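Before any comments, here is the structure.
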Amino acid sequence: MIDIVLLSFLAVIALAIVRLRDLFAVVMLTGFYSLLSAALFVVLDAVDVAFTEAAVGAGIATILMLGTLGRIAGEPREHRERPWLPMLVVLITGGALLYGTLDMPHYGDPNAPVNLHVVPRYIEDSLAEIGVPNIVTSVLASYRGYDTLGETTVILTAAIGVMGLLQGRRRKTPGSKAPPASSNKRPRRASGVTGMLGNTMQHHLILHVIAKLLVPFILLFALYVQFHGDFGPGGGFQAGVIFAAGFILYGLIFGVNDAGLVASPATVRLLIAAGLLLYAGVGVATMLLGGQFLDYSVLSTEPIKGQHLGIMLIEFGVGTTVAATMVRLFYLFSR
Amino acid sequence: MFIAAAAAILVAMALAMIRVLLGPTVYDRILAVNVLGTKTVLIISVFGFLTERPDFLDIALVYALINFIGTIAILKFFEYGEAGFSNPEVTRDEERP
Amino acid sequence: MIELIWNALSWTLLLTGGFCLLVGGIGLLRLPDFFTRVHAAGVTDTMGAGAILVGLMLQAGLTQASIKLVLIILFMLFTSPTASHALAQAALHGGLKPRLGEQREDSRSNT
Amino acid sequence: MTHALSLGFVLFALWCVLSGYLRPMLLGLGLLSCAFVVFIALRMDLVDREWRPIHLLFGRVLGYWPWLMLQIVWSNVDVVRRILDPRLPISPTLIWVKASQHTDIGRVTYANSITITPGTLAMKLQGDQILVHALTREGAEALAGGEMDRRVTLLEKHS
């Protein structure tokens with residue numbers, strides 16, 4: 001019941017996002033969309049996914065989108081023509097996807113293959129094999145450790161891509177060479193030192209004091225989420241985003257220069273790779289100890305303890321990569 | 001009783017959503033999204049109790065802790081972003097009879 | 001007996017909270033301009049959220065869940081006014097002027 | 001140094017409350033995490049004389065919170081009544097009120113107390129003056145009476 005109401009809210013918001021022309025309002029609606037989908041994920045019992053959505057949607061997504069808006073002129077370009085071809089592609093793809101769902105078993109069907117073979121095995125044996133109460137974590141970090149390694153690599157690749165785009169663009173266009181039509185609409189990037197997101201807000205006493213009080217708690221909460229992924233919803237992805245949110249809050253209020261003094265851009269860039277390296281390194285270590293790649297059981301004398309240690313290490317690697325990527329993106333967007 | 005509370009939250013969400021869609025100024029939309037953030041915290045908490053799995057509360061805690069960061073970024077956007085950039089809506093509203 | 005009173009209290013709080021949420025929503029639609037709507041949002045954020053969370057706390061008893069609920073309330077006590085303040089400042093900066101004075105003849109809901 | 005230690009203590013208490021597991025490994029990780037956060041907080045220069053949440057929460061503040069709660073409930077009742085009244089009897093007013101606190105944190109406490117009571121909204125904090133938007137003229141006058149200001153100032157003296 002609740003899920004249907006939330007789903008219809010989602011549909012309405014999606015339509016509104018498509019219809020609205022003001023990009024700023026669209027950013028706001030996207031934030032709302034993410035709030036709703038987090039609630040929907042909770043209702044559908046996908047708590048870990050909801051956690052990720054909550055952490056990303058609550059702050060970081062808005063900030064990064066605002067950063068993007070600050071870089072482009074903010075006015076949507078008028079459409080030159082009716083986009084018939086894209087429309088056709090979307091319709092065909094959507095139709096094919098809908099057709100595909102016809103063959104899928106119903107949601108929660110006890111006779112679906114996945115509920116007959118894979119799921120019972122995870123539910124019944126994971127506690128004995130991995131020794132971690134949160135099954136999602138044991139699937140994500142141990143049974144499907146390869147996939148998660150791949151996802152973390154995707155994050156690294158994305159970070160490299162964005163870094164290449166933004167840094168490259170900066171070098172080529174030193175301000176004056178911007179297209180003349182939009183040059184008067186670009187945000188003023190005063191003397192090129194810091195941009196819109198990078199300035200300090202020290203004169204806002206209330207924000208200043210509240211940030212001072214809250215930042216340590218946000219950081220600690222992130223670490224709590226990091227290390228309790230085994231027991232409840234949480235883990236490296238969520239923790240990384242929350243930690244980055246705390247750090248970015250500091251950067252927003254005290255300025256990107258101060259944030260750079262706490263963790264320099266070069267350090268942060270190094271940490272992006274270090275997290276992934278830790279993850280892959282655990283895999284290599286298990287191979288050297290005679291096991292298979294990412295088979296944590298060999299890390300300790302007892303298989304369960306080894307699993308525990310391995311999961312903790314790779315989750316920490318994921319968290320480091322995610323947090324460093326987010327902070328790095330913030331640095332890039334705030335110049 | 002939890003159901004009644006959940007229903008009230010959903011209806012209130014719908015009301016706030018109308019304000020998000022109507023605007024008229026961009027600040028009204030932001031305000032409504034903020035209110036919706038609070039309601040999301042509530043519905044997640046209430047739903048946790050409804051299904052007797054209070055470990056959902058961590059998610060609600062995340063929202064309570066970091067949901068205001070976006071608003072701060074918005075304030076910053078208006079202070080340092082390009083003047084007049086997102087004002088067309090405001091002026092449109094002011095010009096209204 | 002004690003349990004009954006406890007339950008009744010918690011249900012009352014949950015209902016009060018739900019009622020306040022609804023009123024906050026109505027206020028968000030009825031009040032004439034942005035700055036007055038912030039006050040309606042305040043009703044949701046304080047009384048609505050507070051009553052519901054305390055109601056849940058009474059249901060949870062002295063458990064970890066209730067401690068987390070206390071933390072949620074505490075953090076919201078810090079963040080919600082800060083967000084409202086930041087938003088009001090943003091609106092001032094954006095050039096939005098509050099409508100002042102008696103609104104009686106002007107009380108159409110601004111749609 | 002004592003401030004850093006008190007921050008670490010509060011953080012560790014929070015960790016224990018959040019975690020609920022008293023296993024040695026998790027407690028060890030908790031200690032490490034708290035030390036790391038304190039380290040970052042020191043690097044961020046967040047820990048100074050203003051950082052006194054212990055005093056804020058447990059000092060003389062204990063007397064202020066219940067009063068503020070009561071205030072919040074009363075103003076809620078008032079705002080709810082006005083919203084539901086078909087005539088919508090509001091009279092939005094802007095006033096400057098004086099914040100007679102001496103420390104930043106005292107002023108911020110006052111401003112946030114104003115905002116969190118529905119019906120009044122602190123829009124701007126300049127020096128020792130706060131620009132307040134009130135939903136009704138009566139609300140503005142009540143605030144200008146200065147009881148909340150006095151209570152927050154009192155709190156500051158004792159903490």
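The values are calculated or read from the model by the stated rules, or taken from the named source; none is laboratory data. Please read these numbers as outputs of a predicted model, since none were measured by experiment. Heads up, the Cβs are rebuilt from the backbone with ideal geometry, glycines too, and the neighbour counts pull from every protein chain shown.
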Practice problem: Would you confirm whether any residue within region B:72-80 is more than 8 Å from chain A (Cβ to nearest Cβ), modelled with pLDDT of 85 or more, crowded, with 24+ Cβ neighbours inside 10 Å and at negative phi? | Solution: no
Quiz item: Could you say whether any residue in region D:20-33 is touching a residue at least 24 places away in the same chain (Cβ under 8 Å), within 22 Å of C:Leu71 (Cβ to Cβ), part of a helix (DSSP H, G or I) and more than 8 Å from chain A (Cβ to nearest Cβ)?
Solution: no
Quiz prompt | Sole residue being free of Cβ contacts under 8 Å to residues at least 60 places away in the same chain, of a type outside the set (Lys, Arg), more than 7 Å from chain C (Cβ to nearest Cβ) and not in a loop (DSSP other than H, G, I, E, B), chosen from B:Ala6, B:Ala12, B:Ala32 | solution = B:Ala6
Quiz item: What is the number of the single condition among (1) out of contact with any Lys or Arg (no Cβ under 6 Å at 6 or more places or on another chain); (2) modelled with pLDDT under 70 that A:Gly195 does not meet?
Solution: (1)
Quiz item: From the list C:Ala91, C:Ala60, C:Ala65, C:Ala41, which residue is free of Cβ contacts under 8 Å to residues at least 60 places away in the same chain, facing chain B (nearest Cβ under 7 Å), of a type outside the set (Ser, Thr, Tyr) and in contact with a Phe, Trp or Tyr (Cβ under 6 Å, 6 or more places away or on another chain)?
Solution: C:Ala91
Practice problem: Identify the residue in region A:256-273 that is crowded, with 16+ Cβ neighbours inside 10 Å and among the aliphatic types (A, V, I, L, M) and, among all such residues, is nearest to A:Arg328 (Cα to Cα). | Solution: A:Val268
Self-check item: All helices (runs of 4 or more DSSP H) inside region A:236-304 with 3 or more residues being out of contact with any helix residue (DSSP H, G or I) (no Cβ under 6 Å at 6 or more places or on another chain)
Solution: A:256-262, A:265-288
Quiz prompt | Where D:Leu94 falls short, out of the listed (1) touching a Leu at 6+ places or on another chain (Cβ under 7 Å); (2) surrounded by 23 or more Cβ atoms within 10 Å (Cβ to Cβ) | solution = (2)
Quiz item: Would you say A:Thr101 is over 30 Å from B:Thr25 (Cα atoms) and more than 8 Å from chain B (Cβ to nearest Cβ)?
Solution: yes
Quiz prompt | Verdict on B:Leu65 being at pLDDT below 90, at the interface with chain C (Cβ under 7 Å from one of its Cβ atoms) and either within 30 Å of A:Phe254 (Cα to Cα) or not in a helix (DSSP H, G or I) (or both) | solution = yes
Quiz item: Checking C:Val23 against (1) more than 7 Å from chain B (Cβ to nearest Cβ); (2) at pLDDT below 90; (3) within 11 Å of the chain's Cα centre (by Cα), which test does it fail?
Solution: (2)
Quiz item: Can you tell me how many residues in region A:298-335 are within 24 Å of the chain's Cα centre (by Cα) and of a type outside the set (D, E, K, R)?
Solution: 23
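Are any of the residues in region A:76-94 within 11 Å of chain B (Cβ to nearest Cβ), under 30 Å from A:Leu249 (Cβ atoms) and modelled with pLDDT under 85? Write out each step before concluding.
Applying the first criterion (within 11 Å of chain B (Cβ to nearest Cβ)) to region A:76-94 yields none.
No, there is no match, as no residue in region A:76-94 is within 11 Å of chain B (Cβ to nearest Cβ), under 30 Å from A:Leu249 (Cβ atoms) and modelled with pLDDT under 85.
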